[in-house]
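Take a look at the structure set out below.
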Amino acid sequence: MKIRIEVDETTLENEVVIRCAGLTKEVQMIQQALSEIAAGNQRFIFYKGETEYYMSLDEILFFETENGTINVHTADDVYQTKYKLYELEERLPGYFMRVSKSAILNVDKIYSMTKNLSTCLVQFTKSHKQVYVSRYYFKPLKEKLEEMRMRR
């Protein structure tokens, strides 16, 4: 595989072109990785009271619904967003995953998982925060973690 970078100072927006003989699994993985990097660099607007915060998705541990509000959890704070969970699912990159009716988590930030009979408790890196994964989402989460491990 050849990798080439062309610098053009007249370009208004960066563009990545993948030239290939066919759409192989490897090419799809490259495309997905580039999409996730681009999405991760996006800054979302979150709220706390009357203040707007412009944050990268890399800082987010999980999103959780509580009393009709969508809370955005970082390692040491909680913000709100105006998006619904289903809207977030559509906008977030592939390293975010719905894990229950009321939560979407950042798979890259998982520190540990403790499984019991009906749920799984996920704990996050450098945080005391935790979220429950419902039985329905446990197997897809394990598969996603394995897929991500294989990519690295």
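The values are calculated or read from the model by the stated rules, or taken from the named source; none is laboratory data. Since we're looking at a predicted model, the values are computed, not measured. FYI the Cβ positions are ideal-geometry reconstructions off the backbone, even for glycines, and counts take in every protein chain you see. Accessible surface is based on the protein model in full, side chains and every heavy atom, while ligands, DNA and RNA are left aside. Shrake-Rupley method; radii C 1.70, N 1.55, O 1.52, S 1.80 Å.
Per-structure values
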item	result
Rounded accessible area per residue of the chain, 1.4 Å, Å²	72 Å²
Set 2/129; 2/144; 48/109; 84/142 screened for pairs whose C-alpha atoms are more than 32 Å apart	2/129
Length-normalised contact order for the chain - Cα pairs under 8 Å, 6+ apart - percent	13 percent
Against the rule of thumb 2.2 N^0.38 Å, how large the Cα Rg of the range 8-93 comes out	1.41
Added length on full extension, which subtracts the Cα-Cα distance from 0.36 nm per residue, residue 32 to residue 132	33.3 nm
Charge sum, other residues only, whose C-beta stays under 15 Å from residue 121's C-beta, Lys/Arg counted +1 and Asp/Glu -1	+4
Spacing of the two label points (7 Å from each Cα toward its C-beta) at residue 25 and residue 123, in nm	3.5 nm
The chain - mean residue ellipticity at 222 nm from DSSP helices (-39,500 (n - 2.57) per run, n ≥ 4, rounded to 500)	-8500 deg cm²/dmol
P(r) histogram, all alpha-carbon pairs of the chain included - 5 Å bins from 0, percent	2, 8, 16, 19, 18, 14, 9, 8, 5, 2, 0, 0
